[in-house]
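Below is one structure, written out as C-alpha coordinates; comments come after it.
The values are calculated or read from the model by the stated rules, or taken from the named source; none is laboratory data. Here the structure is a predicted model, which is why all the values come from computation and not from measurement. Cβ sites come from the backbone with ideal geometry, for glycine too, and all protein chains shown count toward neighbours. Heads up: the accessible areas ignore ligands, DNA and RNA and are worked out on the full protein's heavy atoms, side chains in. Shrake-Rupley method; radii C 1.70, N 1.55, O 1.52, S 1.80 Å.
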Amino acid sequence: MTIFVTGGAGYIGTHVILQLIEQGYDVVAADNFANSKPEAIARVKALCGYDFPFYEMDVRDCNRLSDIFTAHHIECVIHLAGLKAVGESISKPLEYYTNNLDSTIEILSAMKRYGIRKFIFSSSATVYSGENDMPLTEDSHTGSCANPYGWSKFMCEQIISDFTHANNGFSAVLLRYFNPIGAHESGKIGEDPQDIPNNLMPFIAQTTVGRLPFLNIYGNDYNTSDGTGVRDYIHVTDLAAGHVSAIKHLDTHDGIGIYNLGTGVGVSVLELVSAFEDASGVGIKKKIAARRPGDLAICYTSTTKAKIELGWEAKKSIRDCCIDTWRWQKNNPHGYET
Ligand code: WQD
(Lines give C-alpha, C1' and ligand atoms only; values in the text may rest on other atoms or scores of the structure.)
Protein backbone atom coordinates (compact mmCIF):
# COMPACT_ATOMS: atom_id res chain seq x y z
CA MET A 1 0.00 0.00 0.00
CA THR A 2 1.30 3.48 -0.93
CA ILE A 3 0.76 6.20 1.66
CA PHE A 4 0.97 9.94 0.92
CA VAL A 5 2.34 11.84 3.93
CA THR A 6 1.99 15.63 4.01
CA GLY A 7 4.30 17.54 6.35
CA GLY A 8 6.77 14.70 5.89
CA ALA A 9 9.83 16.76 6.86
CA GLY A 10 8.37 17.77 10.22
CA TYR A 11 8.99 16.39 13.70
CA ILE A 12 5.99 14.04 13.57
CA GLY A 13 6.27 13.42 9.81
CA THR A 14 9.85 12.13 9.85
CA HIS A 15 9.03 9.66 12.61
CA VAL A 16 5.81 8.52 10.91
CA ILE A 17 7.56 7.96 7.55
CA LEU A 18 10.30 5.90 9.21
CA GLN A 19 7.77 3.59 10.86
CA LEU A 20 5.66 3.24 7.71
CA ILE A 21 8.70 2.13 5.73
CA GLU A 22 9.84 -0.20 8.51
CA GLN A 23 6.34 -1.73 8.41
CA GLY A 24 6.62 -2.36 4.67
CA TYR A 25 4.50 0.45 3.30
CA ASP A 26 5.50 2.51 0.28
CA VAL A 27 5.65 6.22 1.01
CA VAL A 28 5.32 9.40 -1.03
CA ALA A 29 5.97 12.54 1.01
CA ALA A 30 5.56 16.30 0.62
CA ASP A 31 6.54 19.37 2.58
CA ASN A 32 6.97 23.10 1.85
CA PHE A 33 9.72 23.48 4.49
CA ALA A 34 7.79 26.33 6.15
CA ASN A 35 8.69 24.85 9.54
CA SER A 36 11.23 22.13 8.62
CA LYS A 37 14.40 21.52 6.61
CA PRO A 38 15.42 19.31 3.65
CA GLU A 39 18.11 17.71 5.82
CA ALA A 40 15.37 16.01 7.82
CA ILE A 41 14.21 14.12 4.71
CA ALA A 42 17.80 13.21 3.85
CA ARG A 43 18.26 11.77 7.34
CA VAL A 44 15.09 9.68 7.11
CA LYS A 45 16.14 8.30 3.72
CA ALA A 46 19.57 7.41 5.12
CA LEU A 47 18.03 5.74 8.17
CA CYS A 48 15.60 3.56 6.19
CA GLY A 49 17.81 3.07 3.11
CA TYR A 50 14.87 3.88 0.85
CA ASP A 51 14.84 6.85 -1.52
CA PHE A 52 11.10 7.43 -1.40
CA PRO A 53 9.55 10.08 -3.69
CA PHE A 54 9.54 13.50 -2.03
CA TYR A 55 7.94 16.69 -3.34
CA GLU A 56 8.70 20.20 -2.09
CA MET A 57 5.26 21.78 -2.35
CA ASP A 58 2.42 23.48 -0.54
CA VAL A 59 -0.39 20.97 -0.21
CA ARG A 60 -2.90 23.73 -0.99
CA ASP A 61 -1.63 23.56 -4.61
CA CYS A 62 -4.35 21.44 -6.21
CA ASN A 63 -2.43 21.08 -9.48
CA ARG A 64 0.61 19.65 -7.69
CA LEU A 65 -1.66 17.31 -5.73
CA SER A 66 -3.20 16.10 -9.01
CA ASP A 67 0.28 15.52 -10.45
CA ILE A 68 1.22 13.39 -7.45
CA PHE A 69 -2.05 11.42 -7.44
CA THR A 70 -1.59 10.80 -11.19
CA ALA A 71 2.03 9.70 -10.84
CA HIS A 72 1.55 7.42 -7.83
CA HIS A 73 -1.13 4.89 -6.88
CA ILE A 74 -1.90 6.46 -3.50
CA GLU A 75 -4.28 4.42 -1.30
CA CYS A 76 -4.17 6.41 1.94
CA VAL A 77 -3.32 9.97 2.92
CA ILE A 78 -1.82 10.97 6.29
CA HIS A 79 -2.24 14.73 6.59
CA LEU A 80 0.29 16.18 9.03
CA ALA A 81 1.11 19.48 7.28
CA GLY A 82 -0.13 22.52 9.16
CA LEU A 83 0.81 25.44 11.39
CA LYS A 84 0.87 24.40 15.04
CA ALA A 85 2.22 27.12 17.33
CA VAL A 86 -0.47 28.05 19.84
CA GLY A 87 0.93 31.49 20.68
CA GLU A 88 1.59 32.39 17.04
CA SER A 89 -1.99 31.44 16.12
CA ILE A 90 -3.29 34.15 18.45
CA SER A 91 -1.30 36.87 16.63
CA LYS A 92 -1.82 35.40 13.12
CA PRO A 93 -5.30 33.80 13.08
CA LEU A 94 -5.95 34.18 9.33
CA GLU A 95 -2.67 32.40 8.49
CA TYR A 96 -3.75 29.51 10.70
CA TYR A 97 -7.27 29.27 9.28
CA THR A 98 -6.20 29.53 5.62
CA ASN A 99 -3.24 27.18 6.03
CA ASN A 100 -4.87 24.50 8.15
CA LEU A 101 -8.37 24.55 6.67
CA ASP A 102 -7.51 25.16 3.00
CA SER A 103 -4.89 22.40 2.97
CA THR A 104 -7.40 19.92 4.41
CA ILE A 105 -10.11 20.95 1.93
CA GLU A 106 -7.73 20.75 -1.06
CA ILE A 107 -6.52 17.30 -0.05
CA LEU A 108 -10.04 15.93 0.47
CA SER A 109 -11.08 17.38 -2.92
CA ALA A 110 -8.10 15.76 -4.65
CA MET A 111 -8.79 12.46 -2.88
CA LYS A 112 -12.38 12.54 -4.17
CA ARG A 113 -11.20 13.24 -7.72
CA TYR A 114 -8.83 10.28 -7.59
CA GLY A 115 -10.99 7.85 -5.63
CA ILE A 116 -8.64 7.71 -2.64
CA ARG A 117 -10.76 6.70 0.34
CA LYS A 118 -8.53 6.41 3.44
CA PHE A 119 -7.56 9.49 5.44
CA ILE A 120 -5.68 10.01 8.69
CA PHE A 121 -5.67 13.50 10.19
CA SER A 122 -3.24 15.02 12.69
CA SER A 123 -5.52 16.58 15.28
CA SER A 124 -4.75 17.83 18.75
CA ALA A 125 -5.83 17.84 22.38
CA THR A 126 -6.44 21.56 21.94
CA VAL A 127 -9.83 20.75 20.37
CA TYR A 128 -11.07 19.94 23.88
CA SER A 129 -12.59 22.80 25.84
CA GLY A 130 -11.06 23.85 29.12
CA GLU A 131 -13.85 22.83 31.48
CA ASN A 132 -13.62 19.07 30.98
CA ASP A 133 -12.86 16.71 33.85
CA MET A 134 -9.69 14.64 33.61
CA PRO A 135 -8.83 12.24 32.15
CA LEU A 136 -10.12 13.42 28.79
CA THR A 137 -11.94 10.86 26.67
CA GLU A 138 -12.95 11.05 23.00
CA ASP A 139 -16.44 11.97 24.25
CA SER A 140 -15.19 14.96 26.29
CA HIS A 141 -16.58 18.30 25.24
CA THR A 142 -14.86 19.87 22.24
CA GLY A 143 -15.08 23.47 21.06
CA SER A 144 -14.68 26.62 23.16
CA CYS A 145 -11.04 26.30 22.05
CA ALA A 146 -8.50 28.56 23.75
CA ASN A 147 -6.78 29.72 20.55
CA PRO A 148 -7.10 29.85 16.74
CA TYR A 149 -4.77 26.85 16.41
CA GLY A 150 -7.18 24.70 18.43
CA TRP A 151 -10.18 26.13 16.58
CA SER A 152 -8.53 25.35 13.22
CA LYS A 153 -8.11 21.72 14.23
CA PHE A 154 -11.68 21.64 15.57
CA MET A 155 -13.00 23.02 12.26
CA CYS A 156 -10.91 20.58 10.21
CA GLU A 157 -12.41 17.72 12.24
CA GLN A 158 -15.90 18.98 11.37
CA ILE A 159 -15.00 19.32 7.67
CA ILE A 160 -13.60 15.78 7.59
CA SER A 161 -16.62 14.38 9.44
CA ASP A 162 -19.09 16.03 7.04
CA PHE A 163 -17.08 14.90 4.01
CA THR A 164 -16.94 11.32 5.34
CA HIS A 165 -20.70 11.20 5.88
CA ALA A 166 -21.32 12.57 2.37
CA ASN A 167 -19.08 10.04 0.64
CA ASN A 168 -19.97 6.38 1.07
CA GLY A 169 -16.92 4.16 1.37
CA PHE A 170 -14.68 7.00 2.55
CA SER A 171 -13.09 6.39 5.93
CA ALA A 172 -11.13 8.69 8.19
CA VAL A 173 -9.31 8.57 11.52
CA LEU A 174 -8.78 11.71 13.59
CA LEU A 175 -5.79 11.33 15.91
CA ARG A 176 -5.83 13.82 18.78
CA TYR A 177 -2.20 14.16 19.88
CA PHE A 178 -1.41 15.06 23.45
CA ASN A 179 2.17 16.25 24.03
CA PRO A 180 4.62 14.58 21.64
CA ILE A 181 8.24 14.57 22.89
CA GLY A 182 11.34 12.43 22.45
CA ALA A 183 13.24 11.38 19.32
CA HIS A 184 14.17 8.31 17.30
CA GLU A 185 16.71 6.15 19.16
CA SER A 186 19.31 6.77 16.43
CA GLY A 187 19.65 10.41 17.49
CA LYS A 188 19.55 11.32 13.78
CA ILE A 189 16.05 12.87 13.72
CA GLY A 190 14.21 14.90 16.32
CA GLU A 191 12.35 18.09 17.15
CA ASP A 192 13.92 21.18 15.57
CA PRO A 193 11.79 24.30 16.24
CA GLN A 194 12.56 27.12 13.83
CA ASP A 195 12.76 29.87 16.45
CA ILE A 196 12.77 30.06 20.23
CA PRO A 197 10.80 26.95 21.26
CA ASN A 198 7.22 27.42 22.43
CA ASN A 199 7.03 23.94 23.90
CA LEU A 200 8.56 22.71 27.12
CA MET A 201 10.70 19.77 26.02
CA PRO A 202 12.66 21.50 23.23
CA PHE A 203 13.17 24.46 25.57
CA ILE A 204 14.61 22.17 28.25
CA ALA A 205 16.83 20.42 25.68
CA GLN A 206 18.17 23.67 24.19
CA THR A 207 18.84 25.07 27.67
CA THR A 208 20.72 21.87 28.56
CA VAL A 209 22.88 22.04 25.44
CA GLY A 210 23.66 25.71 26.13
CA ARG A 211 21.66 27.38 23.36
CA LEU A 212 19.35 29.08 25.91
CA PRO A 213 20.38 30.61 29.27
CA PHE A 214 17.56 29.31 31.47
CA LEU A 215 14.08 27.81 31.51
CA ASN A 216 11.05 29.86 32.54
CA ILE A 217 8.58 27.77 34.51
CA TYR A 218 5.20 29.29 33.71
CA GLY A 219 3.49 29.23 37.08
CA ASN A 220 4.07 27.16 40.20
CA ASP A 221 0.74 27.93 41.88
CA TYR A 222 -1.52 25.52 40.01
CA ASN A 223 -3.57 23.01 41.99
CA THR A 224 -1.16 20.17 41.18
CA SER A 225 1.25 18.04 43.19
CA ASP A 226 4.10 20.56 42.90
CA GLY A 227 2.20 23.62 41.64
CA THR A 228 3.43 23.34 38.03
CA GLY A 229 1.43 22.41 34.95
CA VAL A 230 0.68 18.74 34.28
CA ARG A 231 0.59 17.25 30.76
CA ASP A 232 0.42 13.87 29.01
CA TYR A 233 3.80 13.52 27.30
CA ILE A 234 3.95 10.78 24.67
CA HIS A 235 7.10 9.52 22.93
CA VAL A 236 7.03 10.50 19.25
CA THR A 237 7.80 6.94 18.14
CA ASP A 238 4.76 5.70 20.12
CA LEU A 239 2.76 8.44 18.42
CA ALA A 240 4.07 7.32 15.02
CA ALA A 241 3.09 3.73 15.81
CA GLY A 242 -0.43 5.01 16.46
CA HIS A 243 -0.59 6.08 12.81
CA VAL A 244 0.34 2.60 11.64
CA SER A 245 -2.40 1.17 13.88
CA ALA A 246 -4.83 3.68 12.38
CA ILE A 247 -3.99 2.53 8.82
CA LYS A 248 -4.72 -1.08 9.80
CA HIS A 249 -7.99 0.06 11.41
CA LEU A 250 -9.01 1.70 8.11
CA ASP A 251 -8.57 -1.63 6.33
CA THR A 252 -11.64 -2.95 8.16
CA HIS A 253 -13.65 0.12 9.17
CA ASP A 254 -15.59 2.72 7.17
CA GLY A 255 -16.80 6.04 8.49
CA ILE A 256 -14.93 8.18 10.98
CA GLY A 257 -12.92 7.15 14.05
CA ILE A 258 -11.60 9.53 16.71
CA TYR A 259 -8.76 8.57 19.05
CA ASN A 260 -6.73 10.29 21.74
CA LEU A 261 -3.03 9.46 21.52
CA GLY A 262 -1.44 9.84 24.94
CA THR A 263 -0.07 7.75 27.79
CA GLY A 264 -2.84 8.31 30.35
CA VAL A 265 -0.23 9.64 32.78
CA GLY A 266 0.11 13.28 33.82
CA VAL A 267 3.63 14.63 34.40
CA SER A 268 4.40 18.07 35.85
CA VAL A 269 6.89 20.60 34.49
CA LEU A 270 9.21 20.08 37.47
CA GLU A 271 8.95 16.30 37.11
CA LEU A 272 9.93 16.49 33.44
CA VAL A 273 12.81 18.86 34.17
CA SER A 274 14.07 16.54 36.90
CA ALA A 275 13.81 13.49 34.62
CA PHE A 276 15.74 15.33 31.91
CA GLU A 277 18.48 16.42 34.33
CA ASP A 278 18.82 12.77 35.44
CA ALA A 279 19.00 11.58 31.82
CA SER A 280 21.50 14.23 30.68
CA GLY A 281 23.50 14.49 33.88
CA VAL A 282 23.28 18.27 33.44
CA GLY A 283 21.51 20.62 35.84
CA ILE A 284 19.72 23.54 34.18
CA LYS A 285 18.96 27.06 35.41
CA LYS A 286 15.24 27.56 36.09
CA LYS A 287 13.19 30.65 36.93
CA ILE A 288 9.60 30.75 38.15
CA ALA A 289 7.63 33.05 35.85
CA ALA A 290 4.01 34.12 35.58
CA ARG A 291 1.44 31.67 34.28
CA ARG A 292 1.15 31.57 30.46
CA PRO A 293 -2.28 32.85 29.28
CA GLY A 294 -4.53 30.04 28.09
CA ASP A 295 -2.62 27.26 29.85
CA LEU A 296 -4.61 24.56 31.60
CA ALA A 297 -3.42 23.32 34.98
CA ILE A 298 -3.83 19.66 34.07
CA CYS A 299 -4.36 17.86 30.76
CA TYR A 300 -4.07 14.12 30.20
CA THR A 301 -6.13 11.43 28.47
CA SER A 302 -7.80 8.11 29.01
CA THR A 303 -6.16 5.48 26.76
CA THR A 304 -9.05 2.99 26.75
CA LYS A 305 -10.57 3.61 23.32
CA ALA A 306 -7.30 3.56 21.38
CA LYS A 307 -6.25 0.41 23.22
CA ILE A 308 -9.48 -1.47 22.56
CA GLU A 309 -10.28 -0.27 19.03
CA LEU A 310 -6.81 0.35 17.56
CA GLY A 311 -4.96 -2.23 19.62
CA TRP A 312 -2.47 0.56 20.35
CA GLU A 313 -0.92 1.90 23.53
CA ALA A 314 2.14 3.96 24.35
CA LYS A 315 5.08 1.89 25.57
CA LYS A 316 7.93 4.32 26.28
CA SER A 317 8.53 6.03 29.62
CA ILE A 318 9.32 9.63 30.45
CA ARG A 319 12.91 8.49 31.05
CA ASP A 320 13.01 7.00 27.53
CA CYS A 321 11.71 10.33 26.19
CA CYS A 322 14.41 12.28 28.02
CA ILE A 323 17.27 9.94 27.07
CA ASP A 324 16.22 9.95 23.40
CA THR A 325 15.69 13.73 23.31
CA TRP A 326 19.07 14.35 24.88
CA ARG A 327 20.85 12.02 22.40
CA TRP A 328 19.27 14.00 19.53
CA GLN A 329 20.01 17.43 21.02
CA LYS A 330 23.55 16.58 22.14
CA ASN A 331 24.42 15.19 18.69
CA ASN A 332 22.64 18.04 16.90
CA PRO A 333 23.01 21.19 19.06
CA HIS A 334 21.58 23.31 16.23
CA GLY A 335 19.10 20.77 14.94
CA TYR A 336 19.25 20.16 11.18
CA GLU A 337 21.34 23.26 10.52
CA THR A 338 24.24 21.96 8.42
C1 WQD B 1 3.59 22.20 28.54
C2 WQD B 1 3.70 22.71 29.97
C3 WQD B 1 3.49 25.10 30.17
C4 WQD B 1 7.20 26.05 28.03
C5 WQD B 1 0.89 22.67 23.13
C6 WQD B 1 -0.24 22.62 22.16
C7 WQD B 1 -0.53 21.19 21.79
C8 WQD B 1 0.71 20.56 21.24
C9 WQD B 1 1.83 20.65 22.29
C10 WQD B 1 0.49 20.87 18.86
C11 WQD B 1 2.69 23.81 30.30
C12 WQD B 1 4.88 24.65 30.59
C13 WQD B 1 6.13 25.39 28.61
C14 WQD B 1 8.14 26.73 28.85
C15 WQD B 1 6.90 26.06 30.78
N16 WQD B 1 1.10 21.16 20.03
N17 WQD B 1 5.99 25.40 29.96
N18 WQD B 1 7.94 26.71 30.21
O19 WQD B 1 0.84 24.01 25.87
O20 WQD B 1 0.50 21.63 26.76
O21 WQD B 1 0.51 22.02 24.31
O22 WQD B 1 2.02 22.05 22.57
O23 WQD B 1 -0.34 20.05 18.63
O24 WQD B 1 -1.55 21.18 20.84
O25 WQD B 1 -1.37 23.15 22.81
O26 WQD B 1 2.62 22.23 25.57
O27 WQD B 1 5.05 22.20 25.91
O28 WQD B 1 3.92 24.42 25.43
O29 WQD B 1 3.60 23.33 27.66
O30 WQD B 1 6.75 26.06 32.03
O31 WQD B 1 9.13 27.36 28.38
O32 WQD B 1 4.98 23.31 30.15
O33 WQD B 1 3.01 26.13 31.04
O34 WQD B 1 2.29 23.64 31.65
P35 WQD B 1 1.05 22.54 25.72
P36 WQD B 1 3.86 23.08 26.08
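General remarks:
- Calculation over all alpha carbon pairs of the chain in 20 angstrom steps from 0 returns a P(r) of 32, 61, 7 percent.
- Share of carbon and sulfur in the accessible heavy-atom surface of the chain [1.4 Å probe, %]: 49 percent
- The shape of segment 72-128 can be summarised by an equivalent ellipsoid whose semi-axes, obtained from the alpha carbon gyration tensor, come to 26, 12, 8 Å from longest to shortest.
- Scanning residues 5 or more positions from Ile298 or on other chains, those with amide H under 5 Å from its amide H are Val230, with H placed 1.01 Å from N in the peptide plane.
- Annotation: lysines with alpha-carbon distance below 27 angstrom to Lys286 (same-chain offsets under eight excluded): Lys84, Lys316, Lys330.
- Mean projected area of the convex hull spanned by the Cα atoms of segment 70-202, taken over all viewing directions: 10.3 nm².
- Antiparallel %, DSSP beta bridges [both residues in the chain], to 5: 5 percent
- Summary value for the chain: 19 percent relative contact order, contacts being C-alpha pairs under 8 angstrom separated by 6+ residues.
- Sites Ile159 and Asn223, calculated FRET efficiency, Cβ-Cβ separation with R0 35 Å, nearest 0.05: 0.45
- Measuring max minus min along each principal axis, the C-alpha atoms of segment 178-321 give extents of 51, 37, 26 Å (largest first).
- Look at the dipole of the chain built from charges on Cβ: of Gly266, His73, Phe4, the Cα furthest out on the positive end belongs to Gly266.
- Relative to the Cα centre, the charge distribution of segment 1-100, modelled as +1 at Lys and Arg Cβ and -1 at Asp and Glu Cβ, gives a dipole magnitude of about 220 debye.
- Neighbourhood charge, 12 Å Cβ-Cβ cut-off, centred on Ser123 and excluding it, Lys, Arg +1 and Asp, Glu -1: +1
- Counting Lys and Arg as +1 and Asp and Glu as -1 over every other residue whose Cβ lies under 14 Å from the Cβ of Asn216, the net charge comes to +4.
- Surface accessible to a 1.4 Å probe, per residue, for the residues of segment 160-294, Å²: 39 Å²
- Neighbourhood net charge (13 Å Cβ-Cβ; Lys/Arg +1, Asp/Glu -1) for Ser274: -2
- Listed pairs Lys153/Lys188; Lys45/Lys188; Lys92/Lys153 exceeding 23 Å between Cα atoms: Lys153/Lys188
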